[in-house]
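Chemist: To start, I am sharing the structure in question, which I have written as structure tokens.
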Amino acid sequence: MKTDMFSSLKVIHGAARSTALSVAASMVIAAAFAAPVSTFAATPATTAKTSKHAKAAKKPAAATAAAKPVAAAGDDAPRAGVKRKRVTYTSNGRHHSVMRRVAYEPRQPTVGQAFGLHETPDALMLRSSVAYVIDQNSGESLFDKNSRAVVPIASITKLMTAMVVLDSKEPMTDQIEVTDEDRDYEKNTGSRLSVGSVLSREDMLHIALMASENRAAASLSRYFPGGRPAFLAAMNAKAKQLGMTDTHFENPTGLTSQNVSSARDLVKMVNAAYQYPMIRKFSTDHSYEVYTGKRSLAYNSTNALVRNPTWDIGLQKTGFINEAGECLVMQATIHGRPMIIVLLDSSGKYSRFADATRLRTWLDNGGDQPRITSADAGGPGT
């Protein structure tokens with residue numbers, strides 16, 4: 001009697017479990033396909049099956065195109081993370097999986113956004129919360145938006161790194177090896193320079209300036225006489241020497257929000273870096289190839305404007321971390337007049353370049369009068 005009852009319970013339990021799994025599978029599939037477009041990007045309509053593991057289904061070309069946000073010319077949506085979530089369920093004794101891609105997550109506000117710098121109006125409607133343009137020869141301020149604000153500067157830092165390397169007078173042919181100490185443990189960014197790569201000091205400096213290679217900059221600081229602590233001390237001493245009172249450096253790469261400065265200070269740094277022929281040449285190169293001892297790597301400039309023949313750029317450096325937004329500094333000659341342009345905390349990947357173009361167009365049209373914002377001049381603003 002007990003044996004018969006136990007067998008019946010097993011049958012009922014098995015049937016219930018099978019039903020529950022089928023219902024769960026149906027709910028998962030329904031959720032995957034019924035989710036609103038605003039929540040999920042395109043999801044494959046079918047999932048290919050294998051005997052042991054499910055293969056990822058290929059997205060149709062049309063669905064892929066529809067899933068990507070379309071940006072205006074010269075602009076781009078802010079960088080944001082895209083999470084992928086794998087949903088696994090069991091049906092009829094087989095495992096199945098569906099990969100869903102969650103839509104863009106909002107980026108954390110930059111320091112400039114947190115302090116309301118983007119609310120400052122300007123006549124050109126720039127996407128950068130900080131903008132400063134001066135005549136390099138006379139020092140005359142031509143465009144000024146929040147130039148005194150102290151904000152993170154990301155890889156603009158590498159201009160100071162380059163000056164300290166060159167000031168050391170260490171042989172540029174010395175071989176420098178990338179080690180674990182050069183990895184980014186704060187932002188956990190990657191690098192094409194694997195641990196064990198060996199380059200000359202000159203090649204390291206070249207790709208640090210042109211392609212903003214972080215491990216190259218980190219390695220250069222470690223090979224400085226006295227090591228990285230002495231290098232950082234030299235960076236801050238150089239800033240003080242240049243009269244950069246709003247500036248402080250905590251690392252040689254810029255991968256920290258503690259590397260801060262103001263646009264007014266950065267004009268001083270750009271002007272000083274412009275006096276180094278090697279910095280001018282390396283920062284404005286279009287591309288460069290290095291051999292690491294393991295393989296050859298081809299690098300390209302992070303600044304698209306250096307490949308634009310209508311621009312006459314004598315020095316440039318880009319930068320980005322979440323806290324700093326998109327940054328750009330340049331020395332450029334416009335109508336025979338050398339200018340220094342500083343753009344910080346721009347809100348889109350390509351908008352810093354669009355802002356530089358807007359400023360240049362304004363200068364091309366005569367720059368009718370200097371533009372000084374209320375945040376810096378106490379006036380009505382522009």
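Chemist: Could you go through the range 140-154 and let me know if any residue there is assigned to a loop (DSSP other than H, G, I, E, B), loosely packed, with under 14 Cβ neighbours inside 10 Å and not β-branched (Val, Ile, Thr). If you could, list the steps in order and put the result at the bottom.
Modeler: Let us first name the residues in the range 140-154 that are assigned to a loop (DSSP other than H, G, I, E, B), namely 140, 146-150, 153.
Subsequent filtering for residues that are loosely packed, with under 14 Cβ neighbours inside 10 Å retains 140.
Next cut, not β-branched (Val, Ile, Thr) only: 140.
Yes, the range 140-154 contains at least one residue that is assigned to a loop (DSSP other than H, G, I, E, B), loosely packed, with under 14 Cβ neighbours inside 10 Å and not β-branched (Val, Ile, Thr).
Chemist: Also: Return the residues of the range 165-182 that are free of Cβ contacts under 8 Å to residues at least 40 places away in the same chain and either surrounded by 13 or more Cβ atoms within 10 Å (Cβ to Cβ) or farther than 11 Å from VAL195 by Cα (or both); say none if nothing qualifies. Break it down stepwise before answering.
Modeler: Just the residues of the range 165-182 that are free of Cβ contacts under 8 Å to residues at least 40 places away in the same chain, to begin with: 169, 171-173, 175, 180.
LYS169, PRO171, MET172, THR173, GLN175 - these are the residues of the range 165-182 that are free of Cβ contacts under 8 Å to residues at least 40 places away in the same chain and either surrounded by 13 or more Cβ atoms within 10 Å (Cβ to Cβ) or farther than 11 Å from VAL195 by Cα (or both).
Chemist: Across the range 231-249, what is the number of residues that are outside any helix (DSSP H, G or I) and among the hydrophobic types (A, V, I, L, M, F, W, C)?
Modeler: So in the range 231-249, the residues outside any helix (DSSP H, G or I) come out as 242-249.
With among the hydrophobic types (A, V, I, L, M, F, W, C) added as a condition, the list becomes 242, 244, 249.
Number satisfying all stated conditions: 3.
Chemist: Then there's this: Would you confirm, using the coordinates I've provided, whether ALA131 is within 17 Å of the chain's Cα centre (by Cα), small (Gly, Ala, Ser) and modelled with pLDDT of 95 or more? Full working, then the answer.
Modeler: Details: within 17 Å of the chain's Cα centre (by Cα): no; small (Gly, Ala, Ser): yes; modelled with pLDDT of 95 or more: yes.
When the stated conditions are applied, ALA131 does not pass them.
Chemist: Another question, then. Specify the residue that is surrounded by the most Cβ atoms within 10 Å (Cβ to Cβ); the eligible residues are those in the range 323-366 that are assigned to a loop (DSSP other than H, G, I, E, B) and touching a helix residue (DSSP H, G or I) at 6+ places or on another chain (Cβ under 9 Å). Reasoning before the result, please.
Modeler: The first filter runs over the range 323-366 and keeps only residues assigned to a loop (DSSP other than H, G, I, E, B), leaving 323-324, 335-336, 347-350, 365-366.
Retained after the next criterion (residues that are touching a helix residue (DSSP H, G or I) at 6+ places or on another chain (Cβ under 9 Å)): 323-324, 335, 347-348, 350.
Details: GLU323: 22, ALA324: 26, HIS335: 11, SER347: 22, GLY348: 21, TYR350: 18.
Only one residue fits best here, namely ALA324.
Chemist: When you go through THR161, THR189 one by one, which is the residue that is out of contact with any strand residue (DSSP E or B) (no Cβ under 7 Å at 6 or more places or on another chain), within 24 Å of ALA263 (Cβ to Cβ), touching a residue at least 40 places away in the same chain (Cβ under 8 Å) and not in a strand (DSSP E or B)?
Modeler: Values: THR189 fails: within 24 Å of ALA263 (Cβ to Cβ).
Only one candidate passes the filter, namely THR161.
Chemist: Considering every residue within the range 141-158, establish whether at least one is at positive phi and hydrophobic (A, V, I, L, M, F, W, C). Can you show your working first?
Modeler: If we filter the range 141-158 for residues that are at positive phi, which is where we start, we get 146, 154.
Next, only the ones that are hydrophobic (A, V, I, L, M, F, W, C) stay: 154.
Yes: one or more hits.
Chemist: Sticking with this structure for a sec: Looking at PRO171, PRO252, can you tell me which residue is in a loop (DSSP other than H, G, I, E, B), under 22 Å from ILE321 (Cβ atoms) and either modelled with pLDDT of 95 or more or not basic (Lys, Arg) (or both)?
Modeler: Working: PRO171 fails: under 22 Å from ILE321 (Cβ atoms).
Criteria check complete, one pass: PRO252.
Chemist: Here's a follow-up. When the range 217-238 is examined, which residues are found to be closer than 23 Å to GLY325 by Cβ and either modelled with pLDDT under 95 or in contact with a Phe, Trp or Tyr (Cβ under 7 Å, 6 or more places away or on another chain) (or both)?
Modeler: In the first step, residues of the range 217-238 are kept if they are closer than 23 Å to GLY325 by Cβ; the result is 217-218, 235.
Result: MET235, single match.
Chemist: Take ARG280 and tell me if it is within 21 Å of the chain's Cα centre (by Cα), farther than 25 Å from ARG183 by Cα and not hydrophobic (A, V, I, L, M, F, W, C).
Modeler: Numbers: within 21 Å of the chain's Cα centre (by Cα): no; farther than 25 Å from ARG183 by Cα: yes; not hydrophobic (A, V, I, L, M, F, W, C): yes.
So ARG280 does not fit the description; no.
Chemist: I'd like the full set of residues that are of a type in the set (Asp, Glu) and surrounded by 18 or more Cβ atoms within 10 Å (Cβ to Cβ), limited to the range 196-245.
Modeler: Let us first name the residues in the range 196-245 that are of a type in the set (Asp, Glu), namely 202-203, 213.
The answer is ASP203, GLU213.
The values are calculated or read from the model by the stated rules, or taken from the named source; none is laboratory data. Being a predicted model, the structure only gives us computed values, none of them experimental. Ideal geometry is used to build each Cβ from the backbone, glycine not excepted, and the neighbour counts take in all protein chains shown.
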